[in-house]
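This report refers to the structure that appears directly beneath it.
The values are calculated or read from the model by the stated rules, or taken from the named source; none is laboratory data. On a predicted model such as this, the values are computed, not experimentally measured, just so you know. All Cβ positions, even for glycine, are placed from backbone atoms using ideal geometry, and neighbour counts span all protein chains on display. Just so you know, the surface numbers come from the protein's heavy atoms only, side chains and all, with ligands and any DNA or RNA stripped out. Shrake-Rupley method; radii C 1.70, N 1.55, O 1.52, S 1.80 Å.
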Amino acid sequence: MILPTRAGDRPRTGPSVPHVQLSQNSPDEIREQLKRWMTGGLPGTRIRPSEISEPGATAFFLEGGTLPPRGAVLLPPRLTAEFAHIHVDGSLHVSLSPDDQQELVAKGWGERHPLYSPAVNVVMVYGPRTADELEVAKTVIAASYHYATGRTLAAYA
């Protein structure tokens, strides 16, 4: 995953659980575009409420019985099913490879969850504010999908 540097300061986020974005939130239209893309663009996944996030979060799970590639650690509590969820504020929590996490944080697009550890592989992706940032968010989600499934989304290969 190769990302541009995010413009501006990082948004304020909650220092603990629930880990939410407190400023620079996604406009409703951008957030809805992202949800629509995720809903139709991640084959082999199921959409349902998150097992770990705040109420109202839309989560993406591997379809029944499918396991992630060896070594991949997805979101708690099961670590093998939910790989991404989008909050009502437009920010997301995703699981990513260590290299992609480093890229995300270094370029200013997100941060590690306050409870992050080798067993809690959760990073926040800041909610996209513009159409260009929406494309970056899709790139990050495609990387999370690849990490969770071993498959590449054609448009983001």
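Hey, can you list the DSSP H helices of the chain whose Cα span along the axis is 15 Å or longer and whose average Kyte-Doolittle score is at least 1.6? Correct list, ordered by number: empty. Counting protein heavy atoms only, segment 56-157 has 56 percent of its accessible area on carbon and sulfur, 1.4 angstrom probe. For segment 10-21, 3J(HN,Hα) computed residue by residue from phi via the Karplus equation (6.51, -1.76, 1.60; θ = phi - 60°) reads 5, x, 6, 9, x, x, 9, 8, x, 8, 10, 8 Hz, glycine and proline entered as x. Average accessible surface for segment 17-157: 45 Å² per residue, computed with a 1.4 Å probe over protein heavy atoms with every protein chain in place.
What the phi angles of segment 57-72 give under the Karplus curve with 6.51, -1.76 and 1.60, with θ = phi - 60°, is a coupling list of 6, 9, 10, 10, 10, 5, 4, x, x, 6, 10, x, x, 3, x, 6 Hz, glycine and proline written as x.
Remark: segment 10-156 carries a charge dipole of roughly 220 debye about the Cα centre, counting +1 on each Lys and Arg Cβ and -1 on each Asp and Glu Cβ.
Largest mean-square fluctuation among ARG12, ARG70, ARG36, in a Gaussian network model of the chain whose springs join Cα atoms under 10 Å apart, belongs to ARG70. Quick one: net charge of SER23's neighbours, Cβ under 10 Å, K/R +1, D/E -1? Residues near SER23 contribute 0 overall.
Look at the dipole of the chain built from charges on Cβ: of LEU74, ASN25, TYR126, the Cα furthest out on the positive end belongs to LEU74. Amide H contacts for ALA84 (H built 1.01 Å from N in the peptide plane; partners 5 or more residues away or on another chain; cut-off under 5 Å): PHE60.
Inter-part distance, segment 114-157 to segment 1-76, computed on C-alpha centroids, equals 7 Å.
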